[in-house]
């Protein structure tokens, strides 16, 4: 009796505290309720400052206390049938999934993880109340499994024959949460936890944020779930599950980022700066020295072009794809990792360990629903984000082909088992690859050194080659930069990270630039001139031809440049920026803009034009002599044929180059033979 009185007075005391708190913050909660979803979002830190007792009670005895808080809100007259959702809970309540123990049962905990599976949303009996006919005790039984459960026994000793008073039905969904990879040590397997979400947490708008692959933080109450045995009884071992009070998505696309008025002022102020483009470029991987052009194109990739739907229903993508090919140790992976972190919904995958299913989507057996379910891969999970693929050349060719559709059509079609689906993958791709032999070979064209199919290369808007060539001045600068990074733990981004993200988000949300006539004329002239340059017969091997895809790439980069300036029109300056990047890329991979020819010299960077012509002359002579003399050709004969045109040392040099390029070999001394 005494205990009842105490608990009653304690409850009343807490009710009074709660009412005081809500009276003091009436206006704030009124705004939350005006959105019309009968949900109040409660900042736990504010509550702690106001009343220590109430906040402690919520942590230790969450269900009853929150029910009491909801009752108090109704009594204050704010709203009927309200739900309280907590956020900003103390760090001390954050627990790793692997550290959850029985002592945490029925307490409020916070866990973080990646959603691995999500069931459909269905109505379910979550709670049933029974009355014991012997002693009148009301027993609440949580309904967690498929079978409707009655209480096994009452505290007075009675078994069975309980009277069902009421059952509570709500929309529910079961999520399976897996630990975040960063929190794991060495060889630990990530642990999983069942989470039940219900009521407003499964509304369609919220459900979009709880798709498999999303990172979320869950605030909820840890419950035990009885495990039924085959014999019909209950096991002594119990399963654990978290009943969610609030689900907080940790990843948002640029479209979802919240931008306050204060942020907007800062962004508009930034956009007025004439050097904004350079400043944003310098904010990308400040720990890596140089590569200005590449950093500029990475900025444009973040802003991306404008997605268009044509009158005939055909779509053209706005996302920009970039490929970096380079020697080892030129900070490719650092750049990729940085980009994956700064972009919302960024995903970083490594070629060797990525499969086609892991990149696009796969169908798996669902043990819970006893059917097939779809699991999305990286390119689908990063929809409206960025996928960084490292070591692209080490991917299995069969798996690599899965990327083709995702990159151009921006969708992933899957037809396996009884699942036919088309998933969206509006994703920018930033990939890095190494040349075939680990390093660039100065004797070969770049096209021959990339171990990637031309169809895939063609889908990238820009390709950059990163060469690691010793150069005293440049090496001194890099050394100073790297060493000062170690001394001062790195310099900050020129534009702070959060502001950078909000700037990109603002541009993507509000700005849809349109091409002006001047910009169209500039792009057209560049493209047509480039396509129609005369090609001399000897340099007819175009390593990477420019196609209509590159024309679209120019448009996308020009639009991104206009977005960057927060301009509604794509001016000629934007077109020139895009052309500048395209020229730089083509100069690297084989187009010599000055001499107006596609020149193999530009690719290999080793032979001059005259040197190359000599190699070709020697090769042509060998082919001619082959028809007269036979397979084995004496070097003397070659010298006779080229008498007066080339001297002996030049011929020897050309023959050596041909041997290196495996076009000829020397079967015996003084003779050569074609491969």
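The values are calculated or read from the model by the stated rules, or taken from the named source; none is laboratory data. Just so it is clear, the model here is predicted, and its values are computed rather than measured. Methodologically, a virtual Cβ is constructed for each residue, glycine included, from the backbone with ideal geometry; neighbour enumeration extends over all protein chains shown.
Annotations for the structure displayed:
- For the range 34-41, the criterion of being without any contact (Cβ under 8 Å) to a residue 40 or more places away in the chain, over 23 Å from residue 169 (Cβ atoms) and not in a loop (DSSP other than H, G, I, E, B) is met by at least one residue.
- Residue within the range 131-144 that is touching a residue at least 12 places away in the same chain (Cβ under 8 Å), part of a loop (DSSP other than H, G, I, E, B) and under 30 Å from residue 200 (Cβ atoms) present: yes
- Of the residues 221, 195, the single one that is touching a helix residue (DSSP H, G or I) at 6+ places or on another chain (Cβ under 6 Å), outside the structural domain of residue 62 (by TED's automatic domain parsing), at pLDDT 85 or above and closer than 26 Å to residue 90 by Cβ is 221.
- From 250, 234, residue being touching a residue at least 60 places away in the same chain (Cβ under 8 Å) and closer than 22 Å to residue 121 by Cβ: 250
- A single entry from 309, 299, 334 fulfils the requirement of being under 18 Å from residue 466 (Cβ atoms) and surrounded by fewer than 16 Cβ atoms within 10 Å (Cβ to Cβ): 334.
- Filtered residues of the range 490-532 (kept if under 18 Å from residue 384 (Cα atoms) and part of a loop (DSSP other than H, G, I, E, B)): 511, 512
- Verdict on residue 413 being under 30 Å from residue 577 (Cα atoms) and touching a strand residue (DSSP E or B) at 6+ places or on another chain (Cβ under 7 Å): no
- Residue among 86, 105, 66, 60 that is loosely packed, with under 15 Cβ neighbours inside 10 Å and either touching a helix residue (DSSP H, G or I) at 6+ places or on another chain (Cβ under 6 Å) or in the same structural domain as residue 43 (by TED's automatic domain parsing) (or both): 60
- Residues that are in contact with a strand residue (DSSP E or B) (Cβ under 9 Å, 6 or more places away or on another chain) and modelled with pLDDT of 80 or more, drawn from the range 519-539: 519, 520, 523
- Residue match in the range 171-188 (condition: touching a residue at least 24 places away in the same chain (Cβ under 8 Å), buried (at least 17 other Cβ atoms within 10 Å of the Cβ) and more than 30 Å from residue 215 (Cβ to Cβ)): no
- Residue ranges of helices (runs of 4 or more DSSP H) in the range 584-675 with at least 2 members at pLDDT 75 or above: 609-629, 635-641, 648-660
- Residue within the range 302-314 that is under 18 Å from the mean Cα position of the chain (by Cα), part of a helix (DSSP H, G or I), on the phi < 0 side of the Ramachandran plot and modelled with pLDDT of 80 or more present: yes
- Exactly one residue out of 325, 248, 268, 284 is crowded, with 20+ Cβ neighbours inside 10 Å and not in a loop (DSSP other than H, G, I, E, B), and it is 325.
- Scanning the range 361-408 for residues that are assigned to a loop (DSSP other than H, G, I, E, B) and modelled with pLDDT under 75 returns 367, 368, 369, 370.
- Checked against the criterion of being over 30 Å from residue 250 (Cβ atoms) and assigned by TED's automatic domain parsing to the domain that holds residue 194, the range 118-127 has at least one qualifying residue.
- Selection of the range 646-675 for residues being more than 52 Å from the chain's Cα centre (by Cα) and closer than 13 Å to residue 615 by Cβ yields 646, 650, 651, 652.
- Residues of the range 616-645 classified as surrounded by 12 or more Cβ atoms within 10 Å (Cβ to Cβ) and closer than 30 Å to residue 440 by Cα, total: 7
- Checking the range 418-426 against the condition returns a match, with at least one residue being part of a loop (DSSP other than H, G, I, E, B), modelled with pLDDT under 80, out of contact with any helix residue (DSSP H, G or I) (no Cβ under 8 Å at 6 or more places or on another chain) and surrounded by fewer than 21 Cβ atoms within 10 Å (Cβ to Cβ).
- Checked against the criterion of being in a helix (DSSP H, G or I) and exposed (fewer than 14 other Cβ atoms within 10 Å of the Cβ), the candidates 80, 53 yield just one match: 53.
- Failed condition for residue 394, given (1) over 16 Å from the mean Cα position of the chain (by Cα); (2) under 21 Å from residue 456 (Cα atoms); (3) touching a residue at least 60 places away in the same chain (Cβ under 8 Å): (3)
- Filtered residues of the range 408-428 (kept if within 18 Å of the chain's Cα centre (by Cα) and under 14 Å from residue 377 (Cα atoms)): 410, 411, 412, 423, 424, 425, 426, 427
Let's see how each residue does on (1) loosely packed, with under 11 Cβ neighbours inside 10 Å; (2) in the same structural domain as residue 556 (by TED's automatic domain parsing); (3) more than 25 Å from residue 323 (Cβ to Cβ):
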| residue | (1), (2), (3) |
| --- | --- |
| 450 | no, yes, no |
| 453 | no, yes, no |
| 461 | no, yes, no |
| 466 | no, yes, no |
| 469 | yes, yes, no |
| 473 | yes, yes, yes |
| 477 | no, yes, yes |
| 484 | no, yes, yes |
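- Top-ranked residue of the range 89-101 - restricted to ones that are touching a residue at least 24 places away in the same chain (Cβ under 8 Å) and surrounded by fewer than 19 Cβ atoms within 10 Å (Cβ to Cβ), ranked as farthest from residue 19 (Cα to Cα): 98
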